Amino acid sequence: MKRIEIKENNLNMVYEITDENEIKLLHFSNLPFDENDINSCEGTASFRPVEVLLSGLNRPGERHGTKYTYTAPGYRLKYKDMKDYRNETGRKLEILMEDKPTGLEVCSNIQFYDGISVIRSWTELKNNGEEDLGVEYVSSFALLGIDKEGLLSTDEKLEVLIARNAWQKELIWNRFSMDQLGMSISQPDKVRRSSQTISVGNTGNWSTKNYLPMGCLKNKETDSILFWQIEQNGSWYWEISDQDGHMYLQLSGPTEHQSHWWKNLKPGDTFASVPVSVGSACGDVEEAAGELTKYRRAIRRKNEDNEKLPVIFNDYMNCLWGDPTTEKELPLIDKAKEAGCEYFCVDCGWYSAGFWWDGVGEWLPSKERFPGGLKEVMDYIRSKGMVPGVWLELEVMGIKCPKADKVPDDWYFMRHGKKVYDRSRYQLDFRNPEVIAHATEVIDRLVNEYGVGYIKMDYNIEPGIGTELNADSAGDGLLGHNRAYLKWLDGIFVKYPDLVIENCSSGGLRMDYAMLSRYSIQSTSDQEDYIRYATIAANSPMALTPEQAAIWSYP
């Protein structure tokens, strides 16, 4: 047996390599490791750093329900190698494991950030075998023993903080005891392994329509807090439960059971799970928010507007409500300038003479609304010393868009041989190069022809589990789209580094750090009542950096 102790940025990690050549993660905390805290009749057997579930393999270990414990081949992975080095960010660990019967190689990646008590973690899979491997689940981070510090029972000392999120009522944090979440102790301490889980996740493209992809575990006895976020702009999942006398936390992207995700890994293929971040600190949510803020600033795209914090005027909320015209905009522009605004954004409706909802997609200005052209309004904004902006919803195409029926079905999400509808829109599939060309052409035209320097990028549909077209599963298609969209967005910012794009999804329904590591600013809500908005504004620093939080101000 061999122990490896990692001490970095006030974080303590302890790995063990057993006599059976298995690697275990015994400890991750700001607190020091104490051997006596391990309270399991199985010793360290269940302290696996990664869980991986492949189709067609038996799971002989003791488990109950749908918990992602004793996964196969996760339970039989053998240690292969560990790389420990520094890069431009900080210390980096790469832990290689293998399952010789299937030929699966697993690499657990742990990236530290200098001066920040947070790691980024993800898992890479490679099929070195001769047969296809069907992946049903892979953890991005797995930690058993999240309850082990302190003398009190988990019922007495632990609280879970969960953030519910919804349209016009974003960022609602609640504290729960283990009993309130169904995880009260009902078995002897050393053998706890109930069928109950604390399960929080999202299925679909609105990544934060029910919950934020994050959470906290507070140990009241030791006055320490464990906190995490999942950096995914689609489906994701985390669970807390008990196993072999301890409680565990596991974080992942999409799964087969929860998200209709299944990946066929052919010989030679690789797959990387979605990145997650995990931290630990003494104190409560204030300390967690502080460390997460430093980490979020470290991982996001560098942009000038996060330093200058300009004032933005948007003509939608409690103003034009999607009915812009030249006649209405010009006096608003004058008043916005007088009020000290530096950006002026023309919101939805600028491309349609009448009802604008189901005709989106071509993004050509309405001559009825702007007789002198949209450029006339954009130029007037510039003449007042402000940066002009417009609203887009670029990932969708309305069913009444003139272009909608002129493009092939593979532009869209497809299930059961049919295009996916939601709220009179189709979901565009950014895995398709023609869709990428269409989206890029729209941005090019707005920036180069109309002088747009600001885009409010909205997203107001939920296309569900994903697309079956050119995918191993609907969830696989969705994940592919999610990643293709982020890659496209990265390219847009390379092409137009001064362009400011706001992340909006019916307010804050995609408030995740897959998006916010790219976007400059986040719409926190569509809440129209400034009194109800107060709580949303106050809670926003827990979800994103304060300078990225766009808070509506009312006249």
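The values are calculated or read from the model by the stated rules, or taken from the named source; none is laboratory data. Computed from a predicted model, the values in this text were never measured in an experiment. Positions of Cβ are backbone-derived with ideal geometry, glycine not excepted, and every protein chain shown enters the neighbour counts.
Restricted to helices (runs of 4 or more DSSP H) entirely inside region 224-340, those with at least 2 residues that are surrounded by 23 or more Cβ atoms within 10 Å (Cβ to Cβ) are 285-299, 326-338.
In region 341-378, the residue that is nearest to Asp422 (Cα to Cα) out of those that are exposed (fewer than 15 other Cβ atoms within 10 Å of the Cβ) and not small (Gly, Ala, Ser) is Phe355.
Take the conditions (1) free of Cβ contacts under 8 Å to residues at least 60 places away in the same chain; (2) buried (at least 21 other Cβ atoms within 10 Å of the Cβ); (3) charged (D, E, K, R); Arg86 misses just one of them, which is (2).
Any residue at all in region 48-55 that's of a type in the set (Val, Ile, Thr), part of a loop (DSSP other than H, G, I, E, B), within 23 Å of Gly245 (Cβ to Cβ) and touching a residue at least 60 places away in the same chain (Cβ under 8 Å)?
Yes, region 48-55 has at least one match.
Among the candidates Val200, Val191, which residue alone is more than 30 Å from Asp476 (Cα to Cα) and not hydroxyl-bearing (Ser, Thr, Tyr)? The match here is Val191. For region 377-429, the strands (runs of 3 or more DSSP E) that sit wholly inside it and include 1 or more residues that are modelled with pLDDT of 95 or more and hydroxyl-bearing (Ser, Thr, Tyr) are 425-427. Those strands (runs of 3 or more DSSP E) of region 69-123 in which at least 1 residues are within 19 Å of Gln229 (Cβ to Cβ) and hydroxyl-bearing (Ser, Thr, Tyr), considering only elements entirely within it, cover 104-113.
When we screen Ser523, Ser540 for residues that are in contact with a Leu (Cβ under 8 Å, 6 or more places away or on another chain) and buried (at least 17 other Cβ atoms within 10 Å of the Cβ), the only hit is Ser540. Do we find a residue being among the charged types (D, E, K, R) and touching a His at 6+ places or on another chain (Cβ under 6 Å) anywhere in region 385-399? No, the conditions are met nowhere in region 385-399. Residues in region 17-55 that are on the phi > 0 side of the Ramachandran plot and out of contact with any strand residue (DSSP E or B) (no Cβ under 7 Å at 6 or more places or on another chain): Gly43 alone. Residues that are polar (S, T, N, Q) and touching a Lys or Arg at 6+ places or on another chain (Cβ under 9 Å) were ranked within region 156-184; the one that is farthest from Asn219 (Cα to Cα) is Gln168.
Pick from Glu124, Glu94, Glu131: which is in contact (Cβ under 8 Å) with a residue 60 or more places away in the chain and surrounded by fewer than 16 Cβ atoms within 10 Å (Cβ to Cβ)?
Glu131
If I filter region 442-453 for residues that are part of a helix (DSSP H, G or I), farther than 30 Å from Gly134 by Cβ and acidic (Asp, Glu), do I get at least one hit? For region 442-453, residues part of a helix (DSSP H, G or I), farther than 30 Å from Gly134 by Cβ and acidic (Asp, Glu): present. For region 14-30, the criterion of being surrounded by 19 or more Cβ atoms within 10 Å (Cβ to Cβ), among the β-branched types (Val, Ile, Thr), free of Cβ contacts under 8 Å to residues at least 40 places away in the same chain and out of contact with any helix residue (DSSP H, G or I) (no Cβ under 8 Å at 6 or more places or on another chain) is met by at least one residue. Considering region 146-186, and only residues there that are among the hydroxyl-bearing types (Ser, Thr, Tyr) and surrounded by fewer than 19 Cβ atoms within 10 Å (Cβ to Cβ), the residue that is modelled with the highest pLDDT turns out to be Ser177.
Exactly one residue out of Thr270, Thr293 is among the β-branched types (Val, Ile, Thr) and either within 18 Å of Ser540 (Cα to Cα) or modelled with pLDDT under 95 (or both), and it is Thr293.
Selection of first residues in region 396-410 that are touching a residue at least 12 places away in the same chain (Cβ under 8 Å) and of second residues that are of a type in the set (Val, Ile, Thr) and in a loop (DSSP other than H, G, I, E, B), restricted to Cβ pairs under 7 Å at least 6 apart or on distinct chains, gives the following pairs, ordered by first then second residue: Val396/Val360; Val396/Ile461; Met397/Val360; Gly398/Val360; Cys401/Val360.
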